[in-house]
């Protein structure tokens, strides 16, 4: 079986044939996915929503259930980079499809342009997510930079004006895993954060429910070192759009700590401390702070997070680890510990493909086949999590609906 995938990878449109040994399991999974797909088609046809979705929380949501040490009654679907399982990520088309499939939040990763405009890209390097390499006029922009202490070669968003970026088109980042998404290569522009906010407001009106935004500030220290800090641009965008208030349907997230602590003095929307599976926040590394992400999820670390943030976003193996064979084991105490501190818990990232599933939930040896994602959701929802980051919003909404109706 394939090894369990990590955050940086992604997935295709539908299941393919598995091996003979897995035909029965694959057939069962296809039936489940067909239900979710039909549900999604109904959503698209009527511009309605799945029963699992409702208006998003306000900044007081941390006290809604977490302060009681309980799971929120309304479990949220965060569309990870949009409907990344169906469209090239971080495009307006991906965000809109995710919302129409039932997502409560659309989640852009934010970087900046040369002229100080926030845009949505997975990384500051844009060579893997756009057709920039096909533009001879930008050939001399290719370079190597140190991103969080590691060399990265390519084209970087901060070396282009917004007008220049708008001449590029998005492409599927992992075509070998999501070949069906490649039919959309070259069709969609790079989206600005303002365009994403405008889209969320339009969709909220059309769908008759709040569609929130859940931006991540990417590599804050990297941009600060270039005198292109993301945080002032974000605060300005929230202020200009009337979103810097406690009842706005917005979460702001980061893998670093110091920028969230500073933002907690400037914004009234809830903040989310992201926690990777290993390593340390890069601002800790730069400042010589010896603490790691392991330290952040101890009771003491969670208490500190609660002093500046409303939620924690852990990599999902911190909630249910896997054994040496990649099979799910018993849950940790992280969800209960976080709830004890009044923190909401939104783990990442749930994807349907074998590559990203525990070994015991995979359907075949093909990493691109869909596995038993519903079983994974059931295990994680039972731990009391308050929401999920998902590449397939329709499947997430169906899993939550089933769980809540038990």
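For residue 85, the conditions (1) over 20 Å from residue 216 (Cα atoms); (2) in a loop (DSSP other than H, G, I, E, B) all hold with the exception of (1). Evaluating residue 394 against the criteria (1) part of a helix (DSSP H, G or I); (2) in contact with a strand residue (DSSP E or B) (Cβ under 8 Å, 6 or more places away or on another chain); (3) crowded, with 24+ Cβ neighbours inside 10 Å leaves one unmet condition, (2). Of all positions in region 314-328, at least one carries a residue that is touching a residue at least 12 places away in the same chain (Cβ under 8 Å) and within 17 Å of residue 271 (Cβ to Cβ). Which is surrounded by 21 or more Cβ atoms within 10 Å (Cβ to Cβ), touching a residue at least 40 places away in the same chain (Cβ under 8 Å) and either closer than 26 Å to residue 222 by Cα or over 23 Å from the mean Cα position of the chain (by Cα) (or both), of 277, 309? Of the residues listed, the single one that is surrounded by 21 or more Cβ atoms within 10 Å (Cβ to Cβ), touching a residue at least 40 places away in the same chain (Cβ under 8 Å) and either closer than 26 Å to residue 222 by Cα or over 23 Å from the mean Cα position of the chain (by Cα) (or both) is 309. Is it fair to say residue 177 is more than 30 Å from residue 205 (Cβ to Cβ) and at pLDDT below 95? In short, yes. Checking each residue in region 281-299 for being surrounded by fewer than 20 Cβ atoms within 10 Å (Cβ to Cβ) and part of a loop (DSSP other than H, G, I, E, B) picks out 288, 289, 290, 291, 292, 298. Checked against the criteria, residue 132 counts as modelled with pLDDT of 95 or more, surrounded by 23 or more Cβ atoms within 10 Å (Cβ to Cβ) and more than 18 Å from residue 85 (Cβ to Cβ). Within region 222-240, not a single residue is within 22 Å of the chain's Cα centre (by Cα), under 28 Å from residue 332 (Cβ atoms) and at pLDDT 95 or above. Per the conditions (1) assigned to a helix (DSSP H, G or I); (2) in contact (Cβ under 8 Å) with a residue 60 or more places away in the chain; (3) out of contact with any helix residue (DSSP H, G or I) (no Cβ under 9 Å at 6 or more places or on another chain), the sole criterion not satisfied by residue 247 is (1). Residue 325 satisfies every condition listed in (1) in contact with a strand residue (DSSP E or B) (Cβ under 7 Å, 6 or more places away or on another chain); (2) assigned to a loop (DSSP other than H, G, I, E, B) except (1).
Please give the strands (runs of 3 or more DSSP E) falling wholly within region 107-185 in which 1 or more residues are touching a helix residue (DSSP H, G or I) at 6+ places or on another chain (Cβ under 9 Å) and either closer than 27 Å to residue 346 by Cβ or free of Cβ contacts under 8 Å to residues at least 24 places away in the same chain (or both).
On the way: elements: 109-112, 118-120, 143-147, 150-154.
Counting at least 1 such residues, we get 109-112, 118-120, 143-147.
Inside region 169-179, residues that are out of contact with any strand residue (DSSP E or B) (no Cβ under 9 Å at 6 or more places or on another chain) and surrounded by 15 or more Cβ atoms within 10 Å (Cβ to Cβ) make up a count of 3.
Look at (1) surrounded by 18 or more Cβ atoms within 10 Å (Cβ to Cβ); (2) part of a loop (DSSP other than H, G, I, E, B); (3) touching a helix residue (DSSP H, G or I) at 6+ places or on another chain (Cβ under 6 Å) and you find that residue 237 fails only one, number (2). Summed over region 181-230, the residues that are closer than 30 Å to residue 149 by Cβ and touching a strand residue (DSSP E or B) at 6+ places or on another chain (Cβ under 7 Å) give a count of 17.
The values are calculated or read from the model by the stated rules, or taken from the named source; none is laboratory data. Keep in mind the model is a prediction, meaning the values are calculated, not measured. Don't worry about glycine lacking a Cβ; one is built from the backbone with ideal geometry, like all the others, and counts go over all protein chains shown.
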